[in-house]
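The block underneath contains the structure these notes are about, expressed in structure tokens.
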């Protein structure tokens with residue numbers, strides 16, 4: 001017998017005959033009617049009604065087994081592609097930002113007032129004008145088309161000037177006379193964030209410094225291995241696939257042919273392209289076994305797997321031909337010399353150095369040129385470079401000078417390249433004082449609930465519990481937008497200082513280089529200041545306008561972006577069950593990350609250590625295996641292939657989903673009990689559901705997606721392997737929730753897996 005949506009069960013929230021008396025501000029709306037009719041409630045109700053199955057299906061769909069079909073039926077019919085429920089506010093946010101970029105400064109600051117400090121108009125207006133001028137330079141399609149690939153050719157000329165290499169002998173190897181020029185050319189490209197022999201920061205990050213593993217108050221530069229063309233995260237197997245190497249060679253040919261100032265014959269270009277991919281293949285061959293070992297050690301819990309602190313002298317000796325120390329020294333702040341840097345895979349560097357020495361010098365130079373084209377071709381106009389496709393740019397896939405929707409691309413470029421300038425004016429337009437206050441209060445309440453739950457976790461030892469509670473107490477919650485000493489979004493002067501190396505003109509390509517130069521310099525300069533746990537730059541892509549949230553284990557900090565705290569899931573006028581089921585479940589998720597398979601390795605001082613006793617570790621692993629088995633059994637069937645969720649790879653996220661949902665729900669119950677005078681009304685059109693059920697319907701709506709099964713499998717295998725597909729997050733989340741099963745009167749009330 002199908003367990004459909006029940007007649008609303010009695011709940012603790014009691015509707016009163018008259019308007020409530022309460023002291024403002026408190027979370028949740030307060031109207032005297034039983035049904036909330038504020039614009040926020042109407043907006044959210046309309047969204048949820050459009051997402052879920054139509055009323056005729058409510059009694060036919062069993063939420064205990066097919067909850068995803070109940071909450072996502074409408075979403076799947078109206079949405080296509082990799083768009084998710086939690087990102088539904090993105091189009092609205094982008095419309096707001098586009099209106100600002102296409103308007104005047106007076107219009108941009110004419111929106112509702114927020115926490116932003118009183119501005120110094122000339123500085124604030126200067127910041128806005130830089131933002132708008134960059135957008136306008138990107139929109140100037142004719143100027144970009146007229147420039148063609150000349151800007152790229154200019155950079156290649158810069159490489160050749162610093163390191164002249166004769167094209168007549170394509171087989172000539174490097175000798176001692178080449179080393180100075182090679183290091184200067186690599187340093188020249190590093191100034192503009194172009195990858196060369198080492199990736200400046202972690203492979204998946206734009207940051208250049210991180211906390212010292214032994215003292216998280218000290219910053220260290222991070223030098224990673226080269227990022228290679230056929231590398232997919234840590235997978236280098238592409239170089240063993242002939243089809244992929246042939247395609248890569250074609251891509252290199254397309255990149256090299258038009259940009260060398262002295263045109264090469266087709267045969268020369270073909271030989272160099274083959275040489276470039278062979279050069280990368282040899283580096284991959286040297287790196288792969290060491291990377292595999294490091295990943296195995298990391299999986300086994302080895303602290304600092306694959307990393308080593310080295311002095312600049314040691315760095316120089318590891319790869320004397322490449323001169324890593326010389327390349328790094330070119331971006332160091334004046335007079336600063338680091339005592340040590342964090343080097344990834346130190347054993348690989350002598351092998352990489354040998355590959356460089358054994359390779360033809362023109363091939364190595366061509367590799368540098370190819371890296372320039374890969375990074376920057378998307379910012380030029382060239383029909384010759386169009387075949388590079390998605391590889392022709394580290395952030396973008398097509399250039400603003402070619403056909404297509406230029407405004408959309410230029411908006412995206414602006415959001416990425418000048419994110420914090422965008423953030424200031426976006427926050428001013430969309431994020432009120434009250435909204436930030438409530439989000440902070442929501443976080444505090446959920447954090448308090450998790451603290452309480454930790455004291456009752458049966459499998460943790462008493463000492464582990466005490467230290468875990470202390471870790472929750474030490475958590476720093478960064479809400480909405482940056483307010484650190486380094487970058488305070490409320491201060492125009494702080495923003496101007498953050499972009500102090502930036503010079504925006506009408507020349508789009510020059511603007512791109514200036515932005516990259518500013519980013520590299522600011523990253524390098526950060527080494528001279530102490531770590532601030534309120535600093536958003538510690539976490540990659542943590543921009544206030546982005547619909548995202550994050551937990552950063554080495555600092556024990558969480559970040560809840562203003563871009564996530566938007567309708568339809570968040571607004572101060574919404575009922576508490578929506579606030580806690582929506583944003584609250586994400587807050588709980590991020591807090592739980594501090595105690596998942598990775599976060600648990602960091603103690604109450606955010607130091608990586610073995611702070612749990614053996615029995616607690618064993619008990620954690622036993623329960624973790626339940627999650628691994630559960631999610632590994634979830635499958636997506638596609639024609640000719642069945643995708644199995646990687647339960648081990650997604651473990652941390654799945655533990656955090658379960659913990660976050662549980663603590664958000666209990667925090668809501670505690671809030672409802674503590675503040676009975678807050679009027680928790682029904683949502684219009686959804687009166688059939690209890691408030692408990694609507695809590696979970698709101699939660700489930702976060703993870704709806706518009707993907708077909710084949711595209712869904714491909715997306716999560718290649719683009720986001722650390723997270724389970726949304727459909728599995730819905731299934732797993734409610735399967736592990738006792739409260740859900742009670743709300744929908746499921747027969748079996750026991751959670752399938754439970755950690756916290």
Alpha carbon centroid spacing (whole Å) that separates the range 560-585 from the range 281-339: 43
Where the convex hull is taken over the Cα atoms of the chain, what is its projected area averaged over directions, in nm²? 33.0
Would you mind ranking 176, 257, 597 by Cβ crowding within 10 Å, fewest neighbours first? 176, 257, 597
Show me the ranking of peptides 431-442, 231-242 by mean Cβ neighbours inside 10 Å, starting with the highest. 431-442, 231-242
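Rank the residues 416, 586 as a footprinting-exposure proxy: fewest other Cβ atoms within 10 Å of their Cβ go first.
Least to most surrounded, the residues fall as 416, 586.
Grab the Cα-Cα distance for residue 176 and residue 614, subtract it from 0.36 nm times how many residues apart they are, and report the gain in nm with one decimal. Intermediate results must be reported in sequence, preceding the final value.
On the way: separation 438, 0.36 × 438 = 157.68 nm, distance 5.46 nm.
Once the chain is fully extended between residue 176 and residue 614, it gains 152.2 nm.
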Angle between the Cα long axis of helix 63-78 and the longest principal axis of the chain, 0 to 90 degrees, nearest 10? 60
With Rh as the Kirkwood radius over Cα pairs, the range 256-363 has Rg/Rh of 1.08
Cα convex hull of the range 466-506: mean projected area in nm², to one decimal? 4.6
Backbone N within the range 667-694 under 16 Å of label point (7 Å from residue 60 Cα along the Cβ vector): none
Pairs of alpha-carbon atoms within less than 8 angstrom and 6+ residues apart define the contacts here; what relative contact order does the range 149-371 have, in percent? 29
Just report the Cα centroid separation between the range 711-729 and the range 363-379, whole Å. 31
Taking 0.36 nm per residue of separation between residue 169 and residue 311 and subtracting their Cα-Cα distance, the length gained on full extension comes to 47.4 nm
Value in Å of the Kirkwood radius, where the range 149-371 supplies the Cα pairs that are averaged: 18.2
Relative contact order %, the chain, counting alpha carbon pairs below 8 Å whose residues are six or more apart: 23
So for R0 = 41 Å, FRET eff. of residue 688-residue 484 from the Cβ-Cβ r, to 0.05, ends up at 0.30
Specify the angular offset, from 0 to 90 degrees and rounded to the nearest 10, of the alpha carbon long axis of helix 90-101 from the longest principal axis of the alpha carbons in the chain. 60
Based on the Cβ-Cβ distance of residue 293 and residue 674, what FRET efficiency does E = 1/(1 + (r/R0)^6) give at R0 = 60 Å, to the nearest 0.05? 0.70
With label points set 7 Å from each Cα along the Cα-to-Cβ direction at residue 722 and residue 241, the distance between them in nm comes to 2.3
In what sequence do 600, 714, 447 fall when counting other Cβ within 10 Å, fewest first? 714, 447, 600
Normalising by the residue count of the range 511-597, find the relative contact order in percent from Cα pairs under 8 Å and 6+ residues apart. 21
So for R0 = 22 Å, FRET eff. of residue 742-residue 49 from the Cβ-Cβ r, to 0.05, ends up at 0.35
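Can you show me the helix-derived [θ] at 222 nm for the chain, built from DSSP H runs with n ≥ 4 at -39,500 (n - 2.57) apiece and divided by the number of residues, rounded to the nearest 500.
-15000 deg cm²/dmol
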Please list 302-308, 746-752 highest first by mean number of surrounding beta-carbon atoms within 10 Å per residue. 302-308, 746-752
Subtracting the Cα-Cα distance from 0.36 nm times the residue separation, let me have the gained length for residue 749 to residue 629 in nm, one decimal. 41.2 nm
Which three extents, in angstrom, do the Cα atoms of the range 642-756 have along their principal axes, listed largest first? 49, 33, 26
Under 14 Å from the 7 Å Cα→Cβ point of residue 441, by amide nitrogen: which residues of the range 561-581? 571-577, 579-580
As I understand it, the value is the acute angle between the Cα axis of helix 348-357 and the longest principal axis of the Cα atoms of the chain; what does it come to in degrees, rounded to 10? 30
Using a cut-off of under 18 Å, list every residue of the range 285-317 whose amide N is near the label point 7 Å from the Cα of residue 218 along the Cα-to-beta-carbon line. 304-305, 307-315
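Since every read-out is calculated from the coordinates, none of them should be taken as a lab result. Treat the numbers as computed from the prediction; the structure is a model and nothing was measured. Cβ: placed from backbone, ideal geometry, glycine included. Neighbour counts: every protein chain shown.
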